[in-house]
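**Student:** Dropping a structure here in structure tokens format, bear with me for questions.
The values are calculated or read from the model by the stated rules, or taken from the named source; none is laboratory data. Just so it is clear, the model here is predicted, and its values are computed rather than measured. Don't worry about glycine lacking a Cβ; one is built from the backbone with ideal geometry, like all the others, and counts go over all protein chains shown.
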DNA sequence: ACCTAACACACAGCT
DNA sequence: GTCCAGACTG
DNA sequence: AGCTGTGTGTTACAGTCTGGA
Ligand SMILES: [Mn+2]
Ligand SMILES: [Mn+2]
């Protein structure tokens, strides 16, 4: 309505569905079930009204609809369209339905009218709550044993094979999160995507089993939310029904692990430590391994907890805060030796500022503005320039990296083989960091050119040409190299925790400043960056603000 | 990748 | 009336 | 008071319309 500047054609949703359908058929025809393949073949042969009505049904909630609630201006002959869909067995008109499917289609008020029309007394029903009315209706209409058209008083349509569309969406997007709104938001100009080259030959799904496993996982994830509110026995039973983790599907495996983790964590809260521990043991998620150590300690099994800490540290000794820190405490309690770690805690400056009610970062930024140019950038400036610098590599074509036009990143960004598949390009760009200070006009142009393109690193609105220029002028190449290296070390975890402010003092140079309000403290990822800054001579400080009330 | 992830902040229990 | 959640739209 | 663990709220298109409390 309000996007008058960019109107969509009246059949926009039909075009979008055709695009999805064509790609699914082209890529996955051999993995489709008979009824799925039938839809691909049948759909294009329907008349336009029928196709539009079908897509309207698909994009609405549920599978049963009152015909009176399916009036669309762009569908000229809805009745005829429905009849064609029914002939082709894509929908059923007035099918036999369970009452609970029918009840939600009418409002409280409408049901009273319906009952009246059916010659039923309605005395006293007007004051009932919806749930109570539903009970009465179930009883009364059950006794009546009338047909669906009699009860409804108008045609009712049921979408047949409602499971097909979720399969097609999964095949098209490769995940269960994205849907047809991606098309709309893009076409309205609300989302912008990089125009990378699509790889139409590499498939995201190798087998029907894999597709079904993803769909099943999605269903289980929906059940999970409900189960988490239940008691320990229910949670445990549900955990046992989860499928085994597939060895050849890291994405599905991770999703299942996260579900196991959520269940175990809830068991822990309910006091079932041993059961939680059993679940944690089978998980390789870092969070789960941390919980394992904590639960062992809570159970009084400090020796085992300590042994686990040692194990973790032996795997990756680098920056693992938790096992070292927790292990240190355990070791002290058990009078064991524990390796010393020089990681000094960053010194924290106290700063008293007048209380204004604004966010502490803004107040602090204003304070530092007296010393130079100060910006509240958090994870936007360094990440942003990282994204600009590596933009061509991130969106470079690679086997299986891009399968549809609505991606924020290549599918394999967080997988091990990402770097190997782009080795040459990355090598080149790593080397180019040495000359990053000469790239100002390039990156300003890239910023203008690609502004708004969704991606994991560049938050376009937070940057501008001046900020890009100043950052490249003030921060030396060696520092960019160090920072970018840490991003690459762990793209998933190291892209957060960057300081709130950057100050470009009048006298030159720069400084990264993390602001902490009263009662706040450094988070682990923030602490890790501070230590890294210290180790690489990158100017930084932490200021703890206290409020001065006047 | 709103079925998440990043951040600040609130509060409890500990020393 | 009034507020809120959620379905639906482009 | 300071430390630690843990939980919470906010923020992601913008807008209309409906039903129910
Ligand atoms: Mn911050
Ligand atoms: Mn901060």
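**Student:** So, in the range A:145-174, how many residues would count as being modelled with pLDDT under 95, loosely packed, with under 15 Cβ neighbours inside 10 Å and on the phi < 0 side of the Ramachandran plot?
**Tutor:** The total comes to 4.
**Student:** Test residue A:76 against the criterion of being touching a strand residue (DSSP E or B) at 6+ places or on another chain (Cβ under 8 Å), more than 16 Å from ligand 1 (Cβ to nearest atom) and in the same structural domain as residue A:159 (by TED's automatic domain parsing), and give yes or no. Walk me through how you get there before you give the answer.
**Tutor:** Details: touching a strand residue (DSSP E or B) at 6+ places or on another chain (Cβ under 8 Å): no; more than 16 Å from ligand 1 (Cβ to nearest atom): yes; in the same structural domain as residue A:159 (by TED's automatic domain parsing): yes.
No.
**Student:** Next question, about the same structure. Of these, A:205, A:173, which one is assigned by TED's automatic domain parsing to the domain that holds residue A:219 and out of contact with any strand residue (DSSP E or B) (no Cβ under 8 Å at 6 or more places or on another chain)? Before you say what the answer is, go through the steps one by one.
**Tutor:** Values: A:173 fails: assigned by TED's automatic domain parsing to the domain that holds residue A:219.
One residue alone meets the criteria, A:205.
**Student:** Another question, if that's okay. Which members of the range A:276-289 meet the condition of being surrounded by fewer than 19 Cβ atoms within 10 Å (Cβ to Cβ) and assigned to a helix (DSSP H, G or I)? Give the steps one after another, and end with the answer.
**Tutor:** Looking only at the range A:276-289, we keep the residues that are surrounded by fewer than 19 Cβ atoms within 10 Å (Cβ to Cβ), and these are A:278, A:281-282, A:284-287.
If the condition is that a residue be surrounded by fewer than 19 Cβ atoms within 10 Å (Cβ to Cβ) and assigned to a helix (DSSP H, G or I), then A:278, A:281, A:286, A:287 are the ones that fit.
Residue-wise test of (1) over 30 Å from residue A:484 (Cβ atoms); (2) within 16 Å of DNA strand C (Cβ to nearest atom); (3) within 32 Å of the chain's Cα centre (by Cα).
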site: A:329; (1), (2), (3): yes, no, no
site: A:332; (1), (2), (3): yes, no, no
site: A:356; (1), (2), (3): yes, no, no
site: A:360; (1), (2), (3): no, no, yes
site: A:368; (1), (2), (3): no, no, no
site: A:372; (1), (2), (3): no, no, no
site: A:375; (1), (2), (3): no, no, yes
site: A:380; (1), (2), (3): no, no, yes
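**Student:** Do we have any residue at all in the range A:516-531 that's under 26 Å from residue A:287 (Cβ atoms) and either away from ligand 2 (no atom under 16 Å from the Cβ) or in contact with a helix residue (DSSP H, G or I) (Cβ under 6 Å, 6 or more places away or on another chain) (or both)? I'd like the intermediate steps shown before the answer.
**Tutor:** Initial filter on the range A:516-531 (under 26 Å from residue A:287 (Cβ atoms)): A:516, A:519-531.
From what's left, either away from ligand 2 (no atom under 16 Å from the Cβ) or in contact with a helix residue (DSSP H, G or I) (Cβ under 6 Å, 6 or more places away or on another chain) (or both): A:524, A:531.
Yes, that holds for at least one residue.
**Student:** While we're looking at this one, here's another question. Do the conditions hold for residue A:255, that is, is it without any contact (Cβ under 8 Å) to a residue 60 or more places away in the chain and more than 17 Å from residue A:210 (Cα to Cα)? Can you show your working first?
**Tutor:** Numbers: without any contact (Cβ under 8 Å) to a residue 60 or more places away in the chain: yes; more than 17 Å from residue A:210 (Cα to Cα): no.
Here the answer is no, as residue A:255 does not meet what is asked.
**Student:** Tell me yes or no: at least one residue of the range A:212-219 is more than 30 Å from residue A:292 (Cβ to Cβ) and in the same structural domain as residue A:294 (by TED's automatic domain parsing).
**Tutor:** Our first condition is that a residue be more than 30 Å from residue A:292 (Cβ to Cβ); within the range A:212-219, this holds for A:212, A:215.
Cutting the leftovers down to in the same structural domain as residue A:294 (by TED's automatic domain parsing) gives us A:212, A:215.
Checked against the condition, which is being more than 30 Å from residue A:292 (Cβ to Cβ) and in the same structural domain as residue A:294 (by TED's automatic domain parsing), the range A:212-219 yields at least one hit.
**Student:** Which residue pairs have Cβ atoms closer than 7 Å, lie 6 or more positions apart in sequence or on different chains, and pair a first residue in the range A:360-380 that is more than 14 Å from residue A:511 (Cα to Cα) with a second residue that is assigned to a loop (DSSP other than H, G, I, E, B) and within 11 Å of ligand 1 (Cβ to nearest atom)?
**Tutor:** A:360/A:517; A:361/A:500; A:379/A:496; A:379/A:498
**Student:** Only one of A:171, A:185 is outside any loop (DSSP other than H, G, I, E, B) and under 26 Å from residue A:10 (Cβ atoms). Can you tell me which?
**Tutor:** After ruling out the rest, the residue left standing is A:185.
**Student:** From the list A:205, A:168, pick out the single residue that is more than 24 Å from residue A:244 (Cα to Cα), away from DNA strand C (no atom under 16 Å from the Cβ) and in contact with a helix residue (DSSP H, G or I) (Cβ under 9 Å, 6 or more places away or on another chain).
**Tutor:** Details: A:205 fails: more than 24 Å from residue A:244 (Cα to Cα).
Unique residue meeting the criteria: A:168.
**Student:** Shifting gears a bit: Take the conditions at pLDDT 95 or above, more than 16 Å from ligand 1 (Cβ to nearest atom), buried (at least 19 other Cβ atoms within 10 Å of the Cβ) and part of a loop (DSSP other than H, G, I, E, B) and apply them to residue A:538. Does it pass?
**Tutor:** Numbers: at pLDDT 95 or above: yes; more than 16 Å from ligand 1 (Cβ to nearest atom): yes; buried (at least 19 other Cβ atoms within 10 Å of the Cβ): yes; part of a loop (DSSP other than H, G, I, E, B): yes.
So residue A:538 passes the test.
**Student:** Within the range A:123-131, does at least one residue satisfy the condition of being assigned to a helix (DSSP H, G or I) and surrounded by fewer than 16 Cβ atoms within 10 Å (Cβ to Cβ)? Break it down into steps so the answer makes sense when it comes.
**Tutor:** The initial filter retains those residues of the range A:123-131 that are assigned to a helix (DSSP H, G or I), namely A:130-131.
With the extra rule that they be surrounded by fewer than 16 Cβ atoms within 10 Å (Cβ to Cβ), the set shrinks to A:130-131.
Taking every residue of the range A:123-131 in turn, at least one turns out to be assigned to a helix (DSSP H, G or I) and surrounded by fewer than 16 Cβ atoms within 10 Å (Cβ to Cβ).
**Student:** Can you name the residue in the range A:463-510 that is within 16 Å of ligand 2 (Cβ to nearest atom) and farther than 15 Å from residue A:532 by Cβ and, of all such residues, is surrounded by the most Cβ atoms within 10 Å (Cβ to Cβ)?
**Tutor:** Let us first name the residues in the range A:463-510 that are within 16 Å of ligand 2 (Cβ to nearest atom), namely A:496-503.
Filter once more, so that each one left must be farther than 15 Å from residue A:532 by Cβ: A:500-503.
On the way: A:500: 23, A:501: 24, A:502: 28, A:503: 21.
Applying the filter and picking the extreme gives A:502.
**Student:** Would you check which residues across the range A:508-537 are more than 10 Å from DNA strand B (Cβ to nearest atom) and touching a strand residue (DSSP E or B) at 6+ places or on another chain (Cβ under 7 Å) and list them? Spell out how you get there, then give the answer.
**Tutor:** Keep residues of the range A:508-537 that are more than 10 Å from DNA strand B (Cβ to nearest atom), which gives A:508-513, A:527-528, A:530-537.
A:510, A:511, A:512, A:513, A:530, A:533 - these are the residues of the range A:508-537 that are more than 10 Å from DNA strand B (Cβ to nearest atom) and touching a strand residue (DSSP E or B) at 6+ places or on another chain (Cβ under 7 Å).
**Student:** Do you know which residues across the range A:479-519 are assigned to a helix (DSSP H, G or I) and either in contact (Cβ under 8 Å) with a residue 40 or more places away in the chain or not assigned by TED's automatic domain parsing to the domain that holds residue A:367 (or both)?
**Tutor:** Looking only at the range A:479-519, we keep the residues that are assigned to a helix (DSSP H, G or I), and these are A:479-489.
Listed by number, the residues that qualify are A:479, A:480, A:481, A:482, A:483, A:484, A:486, A:487, A:488.
**Student:** Before we move on, is residue A:314 assigned to a helix (DSSP H, G or I) and exposed (fewer than 15 other Cβ atoms within 10 Å of the Cβ)? I'd like the intermediate steps shown before the answer.
**Tutor:** Values: assigned to a helix (DSSP H, G or I): yes; exposed (fewer than 15 other Cβ atoms within 10 Å of the Cβ): yes.
For residue A:314, the condition - assigned to a helix (DSSP H, G or I) and exposed (fewer than 15 other Cβ atoms within 10 Å of the Cβ) - is met.
**Student:** May I ask you to say which residue of A:462, A:478, A:482 is closer than 18 Å to residue A:191 by Cα and modelled with pLDDT of 95 or more? If you could, list the steps in order and put the result at the bottom.
**Tutor:** Working: A:478 fails: closer than 18 Å to residue A:191 by Cα; A:482 fails: closer than 18 Å to residue A:191 by Cα.
Exactly one of A:462, A:478, A:482 is closer than 18 Å to residue A:191 by Cα and modelled with pLDDT of 95 or more, namely A:462.
**Student:** Only one of these is over 24 Å from residue A:247 (Cβ atoms) and either touching a residue at least 24 places away in the same chain (Cβ under 8 Å) or within 16 Å of ligand 2 (Cβ to nearest atom) (or both): A:331, A:288, A:307. Name it. Even if it seems obvious, please write down each step before you answer.
**Tutor:** Numbers: A:288 fails: over 24 Å from residue A:247 (Cβ atoms); A:307 fails: either touching a residue at least 24 places away in the same chain (Cβ under 8 Å) or within 16 Å of ligand 2 (Cβ to nearest atom) (or both).
Checking each option against the conditions leaves just A:331.
**Student:** Quick check: is even one residue across the range A:460-475 touching a helix residue (DSSP H, G or I) at 6+ places or on another chain (Cβ under 9 Å) and within 14 Å of DNA strand B (Cβ to nearest atom)?
**Tutor:** Within the range A:460-475 (the criterion being touching a helix residue (DSSP H, G or I) at 6+ places or on another chain (Cβ under 9 Å) and within 14 Å of DNA strand B (Cβ to nearest atom)), the answer is yes, since at least one residue qualifies.
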